[in-house]
Amino acid sequence: MSVLSGKKIVLGISGGIAAYKTASLVRLLIKAGAEVQVIMTPASHQFVTSFTLSTLSKKPVYTDFFNSNQATSTWNNHVEIALWADLILIAPATANTISKMVTGACDNLLQAIYLSAKCPVYFAPAMDLDMYIHPSTQNNLKVLESYKNLMIPAEKGELASGLFGEGRMAEPENIVAFLTKSLSKDKSLNGKKILITAGPTYEAIDPVRFIGNHSSGKMGFDIALAAAQEGAKVVLVTGPTQQHINHPLVETISVLSAQEMYDVCHQHFDGVDVFIGAAAVADYRPKNKATQKIKKSADDFVIELEKNPDILASLGAIKKQQFLIGFALETENEIEHAQQKIRKKNLDLIVLNSLNDQGAGFGVPTNKVTFIDKAFHIMPMELKSKEAVAVDIVNKIKEHYA
Ligand code: PMT
């Protein structure tokens, strides 16, 4: 399976003759399993049609900030597109686009996306021989590399001008090979297997009602994706949620109750390297589940509860080589309670989030966590998107195996 499989790629096309090759490039990326969002500069429309690229990428192609041709005015949010991408590939990158990337000029959608990006940026220069060797272009290429943008070197050959030399955009096959090699190098969780829990559990009262909680599942799903993007094979055991994940390295198993989550986790635990408990598992469940809907009668109604098994603690008790990461969701004495959980559940690391911190915990797209390791080193982090917190957690796993 290609390392490009499941990758979200923004393909930025600028206006040079090599743009005609991007039709093949899109095909190859899609064939490798990537999701491709094409962004064209206005000038690139002279060399390849957006219709071709949108057909091949199976997505609308964007050039402008505003979609004025639609009945209801919509706009293409450059920040959202940039944050969506796992990588940006600018091919062809003309001398003009390269110089704008260097200076931060922002006169089109592609430039705005480039400036908003947090992901790796690859660019494949394409221009005529003399433009390519001009000191100002060569200087610009060096500056982009100093920005940690990754250059896919231009190739030698016959150029559109009829001249022969360096400046041709790398062939689409070579661009894909470059990306594949570059991404494979970075995948430090290749070969690792990670079991993750996510979401709430529902503890049935009767066929209609349940005891649940506010977990949306986002935190666990974001960790699953971040781990898979580092090459890990992930089994994601999730309670009821609206979250979706589409990555070939992630197997999702849906459960309802804590007992079901416990059973599935124990079935898979033996062969895994890492376990992460991001689920908000109900500590108690109704002792008896009514087989029929309970009818309204008396003013007071008492449900007797019994303890659910503690999944994390039970895995902590049998762990061998596994690196065990738990979460702690607290409302008071946060550090102390989290440290107790490390001890009681035999954890290697705990991710503490407190409902006292704005933007942390349930439902919200952000989280503010503190890492505490088993030696009780406390590492507070700032408020971040859950995607960014997920990357921090994956980095902790990478540090463990480094
Ligand atoms: O899903 P989101 O809306 O994105 O919200 C994310 C989150 C707030 C749910 C997440 O960040 C989080 O804190 N998850 C753990 C919630 C929780 O149940 O915390 P706890 O302190 O009660 O439990 C401690 C640890 O034991 C957790 O890893 C939990 O998964 C685990 N546990 C708890 C009870 C139980 N019976 N079995 C368990 O495995």
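Structure values in brief
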quantity	calculated
Out of Ile318, Ile294, Ile311, sole residue that is assigned by TED's automatic domain parsing to the domain that holds Val235, within 12 Å of the ligand (Cβ to nearest atom) and either surrounded by 10 or more Cβ atoms within 10 Å (Cβ to Cβ) or on the phi > 0 side of the Ramachandran plot (or both)	Ile311
Contacts under 8 angstrom Cβ, first residue in the range 208-223 being under 14 Å from Asn246 (Cα atoms), partner open to solvent by 30 Å² or more (accessible area, probe 1.4 Å) and outside any loop (DSSP other than H, G, I, E, B), 6 or more apart	Asp222/Glu387
The range 196-220 - residue that is of a type in the set (D, E, K, R) and more than 8 Å from the ligand (Cβ to nearest atom) and, of those, nearest to Ala32 (Cα to Cα)	Glu203
Positions within the range 182-218 being open to solvent by less than 70 Å² (accessible area, probe 1.4 Å) and hydrophobic (A, V, I, L, M, F, W, C), in sequence order	Leu183, Leu189, Ile194, Leu195, Ile196, Ala198, Ala204, Ile205, Ile211
Candidates Leu347, Leu329, Leu352, Leu324 - the one that is touching a helix residue (DSSP H, G or I) at 6+ places or on another chain (Cβ under 7 Å), closer than 19 Å to Glu382 by Cα and either assigned to a strand (DSSP E or B) or in the same structural domain as Tyr262 (by TED's automatic domain parsing) (or both)	Leu352
Selection count where residues are more than 13 Å from the chain's Cα centre (by Cα) and open to solvent by less than 40 Å² (accessible area, probe 1.4 Å), scope the range 233-257	10
Options Lys7, Lys58: the member that is at pLDDT 95 or above and of a type in the set (Lys, Arg)	Lys58
Qualifying residue in the range 345-356 (condition: near the ligand (Cβ under 7 Å from one of its atoms) and farther than 25 Å from Asp263 by Cα)	yes
Which numbered condition Asn139 fails, given (1) assigned to a strand (DSSP E or B); (2) free of Cβ contacts under 8 Å to residues at least 24 places away in the same chain	(1)
Within the range 152-197, tally of residues that are out of contact with any Pro (no Cβ under 6 Å at 6 or more places or on another chain), of a type in the set (A, V, I, L, M) and farther than 21 Å from Ser2 by Cα	5
Verdict on Ala198 being in contact with a Leu (Cβ under 7 Å, 6 or more places away or on another chain) and in the same structural domain as Val369 (by TED's automatic domain parsing)	yes
Matching residues in the range 260-285 - criterion: being crowded, with 16+ Cβ neighbours inside 10 Å and near the ligand (Cβ under 10 Å from one of its atoms)	Met261, Tyr262, Cys265, Phe275, Ile276, Gly277, Ala278, Ala279, Ala280, Val281, Ala282, Arg285
Members of the range 221-259 found to be farther than 24 Å from Ala34 by Cβ, within 12 Å of the ligand (Cβ to nearest atom) and not in a loop (DSSP other than H, G, I, E, B), listed by number	Val237, Thr238, Ala258, Gln259
Pairs, first on the phi > 0 side of the Ramachandran plot and small (Gly, Ala, Ser) in the range 28-51, second open to solvent by less than 50 Å² (accessible area, probe 1.4 Å) and modelled with pLDDT under 95, C-beta under 8 Å, six or more apart	Gly33/Ser2; Gly33/Leu4; Gly33/Ser5; Gly33/Gly6; Gly33/Lys7
Long-range neighbours under 8 Å by Cβ, at least six apart or interchain, first residue among the small types (Gly, Ala, Ser) within the range 182-206, second within 16 Å of the ligand (Cβ to nearest atom) and at pLDDT below 95	none
From Thr63, Thr97, Thr103, Thr137, residue being hydroxyl-bearing (Ser, Thr, Tyr), closer than 18 Å to Ala154 by Cα and open to solvent by 10 Å² or more (accessible area, probe 1.4 Å)	Thr137
Every residue from the range 105-122 that is under 18 Å from Ala95 (Cα atoms), in a helix (DSSP H, G or I) and polar (S, T, N, Q)	Gln111
Subset of the range 297-308 (residues that are within 16 Å of the ligand (Cβ to nearest atom) and open to solvent by less than 100 Å² (accessible area, probe 1.4 Å))	Leu305, Glu306, Asn308
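The values are calculated or read from the model by the stated rules, or taken from the named source; none is laboratory data. Please read these numbers as outputs of a predicted model, since none were measured by experiment. Reconstructed Cβ throughout: ideal geometry from the backbone, glycine too, with neighbour counts over all protein chains shown. SASA here: full protein model, heavy atoms, side chains in, ligands and nucleic acids out. Shrake-Rupley method; radii C 1.70, N 1.55, O 1.52, S 1.80 Å.
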